[in-house]
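What follows is a short report on a single structure.
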Amino acid sequence: MDLHVDSFIWTRLLGYDLCRRHGRGPFGARFLSQTDFPRMLEAALTGAVWVITTNPFRTAKGRSRAFFRNLDALTAQFAQVPRRFAVVRSATEYAAAKGSGKQAAFIGVQGGNALDHDLDDWSRIPGRAVTRVTLVHLSSSSLGSTSSPMKLRDRGLTARGKDLVRRLDEQQILVDLAHISRRGFFDAVDAHDRSRPLVVTHTGVAGVHRHWRNLDDEQLRAIADTGGTVGVMFHTGFLGGSFFRGKASLIADHLEHIVRVVGDDHASLGSDFDGAIPTPRDLATCLELPRLVQILLDRRMSPSTIKKILGGNFLRTLELVRRS
């Protein structure tokens, strides 16, 4: 399972057809053309979180209107392939989809400012369709400060951001702390219902490579203490490799660090495929995912731990939030 797939952004911008099998595109699968529905099925993924990314340059009302349009549009993409994909909202629905031979499609939101015009809008999303929300993205918002160095100052999580955390908890939506500043991260931990897990769906870890995008060990322990999981992303620059020539072994390095620091219940995969990222040269698309599994086996990681990383940990975390 993959906790963060960003391909829908290219559907919105370029009309990228998720239902068609693509090659590596004009840039050799750098930045885009890293996955689509046929290749996800060929790679034997049983589930993924497909993300609606928020455009921060719209007005607050415009972001709200755009979000509901995009939710309908993404759902319509899956409706075109009903025999192979099912939009799901819980671990129970995932199991049902898998049992019927379908890939489970979870829907996530990147940028909680999608609905910051009126936080009540989060309760109006039909059918609990959204499984997780990344509070902030690459820019700061009314909710809080990004981890990106482009921010002017670090305000942490604002009062409005803390209110959103509480509302997401109430609505059984996973709170995702990828992209948030370190101060905002711990503000969210404090505002969060301690009986529910937190997640970081796509990140690297500073214990392997220090970077503004990556979590330190204290942050890893904070996520693990809630019962949550941390997805390792595939951006080679963030993982510590050269921008265009990093290898899949870097992903394994970060996974091993998480397992070593907080145990094997808290590591997952969150590729960020098609999120305008350079992926490892030997894992450019979803089709090469078996290479990562082989690397972990070659490093004598146990099959049970690998199965947790490949989806078990996310499903366990989700089940703590949504029983059905």
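Nothing in this text is a laboratory measurement; each read-out follows from the coordinates by a stated rule. Fair warning: this is a prediction, and the values are worked out from it, not measured in the lab. No Cβ is skipped: glycine too gets one built from the backbone with ideal geometry, and neighbour counts run over all protein chains shown.
Straight-line cross-link partners of Lys162 among the aspartates and glutamates, defined as a Cα under 17 Å from its Cα and at least 8 positions apart when in the same chain: Asp116, Asp118, Asp120, Asp121, Asp154, Glu170, Asp176, Asp187, Asp190, Asp193.
How many nm is it between the label spots at Gln171 and Arg194, if each spot is 7 Å from the Cα in line with the beta carbon? In this crude label model, Gln171 to Arg194 measures out at 2.6 nm. Would you mind checking Lys61/Lys308; Lys61/Lys151; Lys102/Lys308; Lys61/Lys307; Lys102/Lys307 for any pair whose Cα atoms are more than 31 angstrom apart? Over 31 Å Cα-Cα: Lys61/Lys308; Lys61/Lys307.
Please identify the chymotrypsin sites (Phe, Trp or Tyr not before Pro) of the range 1-110 that satisfy two criteria: DSSP loop assignment and at most 14 other Cβ atoms within 10 Å. Which are they? Write down the numbers at each step before the final one.
On the way: sites: Phe8, Trp10, Tyr16, Phe27, Phe31, Trp50, Phe57, Phe67, Phe68, Phe78, Phe85, Tyr94, Phe106; in loops: Tyr16, Phe27, Phe31, Phe57.
The qualifying sites are Phe27, Phe57.
The charge dipole of the chain, taken about its Cα centre with unit charges on the Cβ atoms of Lys, Arg (+1), Asp and Glu (-1) only, comes to about 520 debye. Computing FRET efficiency as 1/(1 + (r/R0)^6) for Ser142 and Arg12, where r is the C-beta to C-beta distance and R0 is 25 Å, gives about 0.65. In this rough spin-label picture, where each label sits 7 Å from Cα along the Cβ direction, the Asp216-Asp72 distance is 4.7 nm.
Within the listed set Arg210, Arg183, Arg83, the Gaussian network model of the chain (springs between alpha-carbon atoms below 10 Å) gives the highest mean-square fluctuation for Arg83.
Modelled spin labels at Leu320 and Ala43, positioned 7 Å past Cα toward Cβ, are 2.6 nm from each other.
Just want to confirm a number: the relative contact order over the range 164-319, from Cα pairs under 8 angstrom separated by 6+ residues, in percent. Show your work: numbers first, answer last.
Details: 266 pairs, mean separation 31.4, N = 156.
With pairs under 8 Å counted, the relative contact order is 20 percent.
Note on Arg124 and Arg153: with the Förster distance fixed at 41 Å, the Cβ-Cβ geometry gives a FRET efficiency of about 0.80.
What is the sum of charges around Thr201, taking Lys and Arg as +1, Asp and Glu as -1, for the other residues whose C-beta is under 12 Å from the C-beta of Thr201? Can you show the working numbers first?
Working: positive: Arg132; negative: Asp2, Asp6, Asp176, Asp272.
After counting each charged neighbour, the total is -3.
Taking all Cα pairs closer than 8 Å and separated by 6 or more residues, the relative contact order of the chain comes to 19 percent.
Using R0 = 30 Å, the C-beta based FRET efficiency linking Lys61 and Gln294 works out to 0.05.
Taking the Cβ of His117 as the centre, find all other residues whose Cβ is under 15 Å away and add up their charges (Lys, Arg: +1; Asp, Glu: -1).
Values: positive: Arg58, Lys61, Arg63, Arg65, Arg69, Arg124, Arg160, Arg167; negative: Asp116, Asp118, Asp120, Asp121, Asp163.
That sum, taken over residues with Cβ under 15 Å, equals +3.
Only aspartates and glutamates eight or more places from Lys247 in sequence, or on another chain, were considered; those with a Cα closer than 18 Å are Glu256, Asp272, Asp274, Asp282, Glu288, Asp298. Tell me which label goes with the value of log10 I(q)/I(0) by the Debye sum over Cα atoms at q = 0.13, 0.14 Å⁻¹ computed from the coordinates here: [x] -1.22, -1.24; [y] -1.01, -1.11; [z] -0.90, -1.07. It is the one labelled [z].
Note on the chain: dipole from Cβ charges, positive end direction compared against His254, Gly127, Leu13; the farthest Cα belongs to Leu13.
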